[in-house]
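The values are calculated or read from the model by the stated rules, or taken from the named source; none is laboratory data. Bear in mind the structure is a predicted one, so any value in this text is a computation, not a measurement. With ideal geometry, Cβ positions are generated from the backbone for all residues, glycine too; neighbour counts draw on all protein chains shown. Accessible surface areas use protein heavy atoms only, side chains included; no ligands, DNA or RNA. Shrake-Rupley method; radii C 1.70, N 1.55, O 1.52, S 1.80 Å.
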Amino acid sequence: QVQLVESGGGEVQPGGSLRLSCAASGIIFSGYALRWYRQAPGKQREWVATITSGGTTRYVVSVKGRFTISRDNGKNTVYLQMNSLKPEDTAVYYCNAQLSTQEYWGRGTQVTVSS
């Protein structure tokens with residue numbers, strides 16, 4: 001059974017940092033492209049960042065320079081380091097693993113940026 005479990009969310013003040021983790025089980029992790037998405041209240045789910053199986057990274061423009069996606073294949077875990085957080089980063093953050101037609105989602109972790 002495939003599971004993706006996010007952790008590391010919470011409440012932080014503007015300008016603060018959080019590191020999200022997503023631990024995977026039931027898949028050959030190293031072969032998957034991994035992505036973070038987020039969904040703010042009343043908005044559609046938005047792609048945030050990707051790291052390919054080869055380690056190439058891409059980011060949505062709004063987080064470029066502030067967020068860093070990374071992966072540890074030995075720990076079957078993908079991370080999202082979020083710095084200089086803004087209120088508009090408030091959302092539920094989801095991790096996604098995709099290989100060809102196989103795609104899996106976690107249940108999400110809440111990030112709230114508020115003073």
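Reported count of residues in region 1-42, each being open to solvent by less than 60 Å² (accessible area, probe 1.4 Å), assigned to a loop (DSSP other than H, G, I, E, B) and of a type outside the set (Gly, Ala, Ser), is 3.
Residue pairs whose Cβ atoms lie under 7 Å apart, sitting 6 or more positions apart in sequence or on different chains, and linking a residue in region 41-62 that is within 20 Å of residue 105 (Cβ to Cβ) to a partner that is open to solvent by 60 Å² or more (accessible area, probe 1.4 Å) and assigned to a loop (DSSP other than H, G, I, E, B), do not occur here. Go through region 71-83 and count every residue that is within 17 Å of residue 106 (Cα to Cα) and surrounded by 14 or more Cβ atoms within 10 Å (Cβ to Cβ). Residues in region 71-83 being within 17 Å of residue 106 (Cα to Cα) and surrounded by 14 or more Cβ atoms within 10 Å (Cβ to Cβ): 6 in total. With the requirement that a residue be polar (S, T, N, Q) and either farther than 18 Å from residue 18 by Cβ or touching a Lys or Arg at 6+ places or on another chain (Cβ under 7 Å) (or both), what does region 78-103 give you? If the condition is that a residue be polar (S, T, N, Q) and either farther than 18 Å from residue 18 by Cβ or touching a Lys or Arg at 6+ places or on another chain (Cβ under 7 Å) (or both), then 81, 83, 84, 96, 98, 100, 101, 102 are the ones that fit. As a summary of the residue check, residue 50 satisfies the conditions (1) open to solvent by 60 Å² or more (accessible area, probe 1.4 Å); (2) assigned to a strand (DSSP E or B); (3) farther than 19 Å from residue 5 by Cβ except for the one numbered (1).
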